[in-house]
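So the structure is just underneath, and the comments pick up after that.
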Amino acid sequence: MAVILDGRKLSEKIRSSLKEEVERIREKFKRAPTLAVVLVGNNPASEIYVNNKIKACKKVGISSIDKRLPENTSQEELNRIVKELNENPEVDGIIVQLPLPEGLSCREVINYISPEKDVDGFHPLNLGKCVLGLYEEGLMPCTPAGVMEFFKEYKIELQGKNAVMVGHSNIVGKPLANMLLNANATVSVCHVHTKDLKSYTKEADILCVATGVPKLIKEDMVKEGAVVIDIGISRVNGKIVGDVDFERVKEKASAITPVPGGVGPMTITMLLYNTVKAFKLRKELESNSLHRR
Ligand code: GUN
């Protein structure tokens, strides 16, 4: 039976060290790192996500600014609000909750967020740094960064392993595939157009799945002893389920993340981590420019 990779426990560990760091920052700089959360419209799932993010900030001592905008907000107005937050020196991180209402462009608004405050790690500059492995100087997308924390915590070796990423989204599949590649895994990226998905997944020592298709990955698609990371989250008959048939696959894998309680909690944890990091990176920039003057 597989080791269950416990995202709640790992989150708790990281959040408790972040809490201490936030306390030190408050003492030294007389203010807490601050996250601005922008939500346009009233998508019920987005409202829950945003409320959870704000609650999580509070628990570690990060301040938050909660900007709720009406459904009919124009692109210009949204861009202007982001620009205002970019220019506010007391704001360290900005997220615009996705998806946006119809008619608004996420790419346009993401490009508007200042890369130093882009705590989602969605800006092209941060994604470029992710591809190059320049993790320290950029802000990495939260879900892939959270997955990499599991490998570190549970000492799962990646070098030379066959890693298969199922799903090629800009916010999970593409960055995670690059992080695995930077760790010297041999990476295949599969997606909705892949022919014979099973022929890839069966060869995976490390199998990461982010498709949003409930129970896409069955036991016969998994190699004996594989590490399985389930990044899917769907609601089926009122129950939260992942992309992997957990009950059967856990008998075959050597390690597996459950849903819920696996990757999910790590995404918010890494958002908190990025907010603290964004604060520190900006302080560093400020002090460097003071030295240069
Ligand atoms: N919608 C679903 N996941 C995310 C996320 O990680 N960040 C933002 N901004 N929106 C999302």
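Okay, here's what the table says:
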quantity: Some residue of region 188-204 being in contact with a Lys or Arg (Cβ under 7 Å, 6 or more places away or on another chain), in contact (Cβ under 8 Å) with a residue 40 or more places away in the chain, more than 16 Å from the ligand (Cβ to nearest atom) and not β-branched (Val, Ile, Thr); calculated: yes
quantity: Sole exception among (1) within 16 Å of the ligand (Cβ to nearest atom); (2) open to solvent by 10 Å² or more (accessible area, probe 1.4 Å); (3) touching a residue at least 12 places away in the same chain (Cβ under 8 Å) for Arg235, by number; calculated: (3)
quantity: Residues satisfying the stated conditions in region 89-113, i.e. open to solvent by 20 Å² or more (accessible area, probe 1.4 Å) and either within 23 Å of Met270 (Cβ to Cβ) or within 10 Å of the ligand (Cβ to nearest atom) (or both); calculated: Glu90, Leu98, Pro99, Leu100, Cys106, Arg107, Asn111, Tyr112
quantity: Condition broken by Met140, with the remaining ones in (1) crowded, with 23+ Cβ neighbours inside 10 Å; (2) closer than 18 Å to Asp230 by Cα; (3) in contact (Cβ under 8 Å) with a residue 60 or more places away in the chain satisfied; calculated: (2)
quantity: Counted residues, region 31-50 - those being closer than 19 Å to Ser234 by Cα, among the polar types (S, T, N, Q) and open to solvent by 10 Å² or more (accessible area, probe 1.4 Å); calculated: 1
quantity: The lone exception for Thr257 - which of (1) under 20 Å from Ile206 (Cβ atoms); (2) within 16 Å of the ligand (Cβ to nearest atom); (3) touching a residue at least 40 places away in the same chain (Cβ under 8 Å) it fails; calculated: (2)
quantity: Where a residue in region 108-129 is among the small types (Gly, Ala, Ser) and its partner, wherever it lies, is surrounded by fewer than 24 Cβ atoms within 10 Å (Cβ to Cβ), with Cβ under 6 Å and at least six apart; calculated: Ser114/Asn86
quantity: All positions within region 183-201 that are surrounded by fewer than 16 Cβ atoms within 10 Å (Cβ to Cβ) and under 20 Å from the mean Cα position of the chain (by Cα); calculated: His191
quantity: Among (1) more than 22 Å from the chain's Cα centre (by Cα); (2) closer than 30 Å to Lys223 by Cβ - the single one Arg26 does not satisfy; calculated: (2)
quantity: Meets criteria (modelled with pLDDT of 95 or more and outside any helix (DSSP H, G or I)) for Arg31; calculated: yes
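The values are calculated or read from the model by the stated rules, or taken from the named source; none is laboratory data. What you see is a predicted model, and the numbers here were worked out from it, not measured in a lab. Because the Cβ atoms are built from the backbone with ideal geometry, glycine has one as well, and the counts that use them run over all protein chains shown. To get the accessible areas, we keep the full protein, side chains included, count just its heavy atoms, and leave off ligands, DNA and RNA. Shrake-Rupley method; radii C 1.70, N 1.55, O 1.52, S 1.80 Å.
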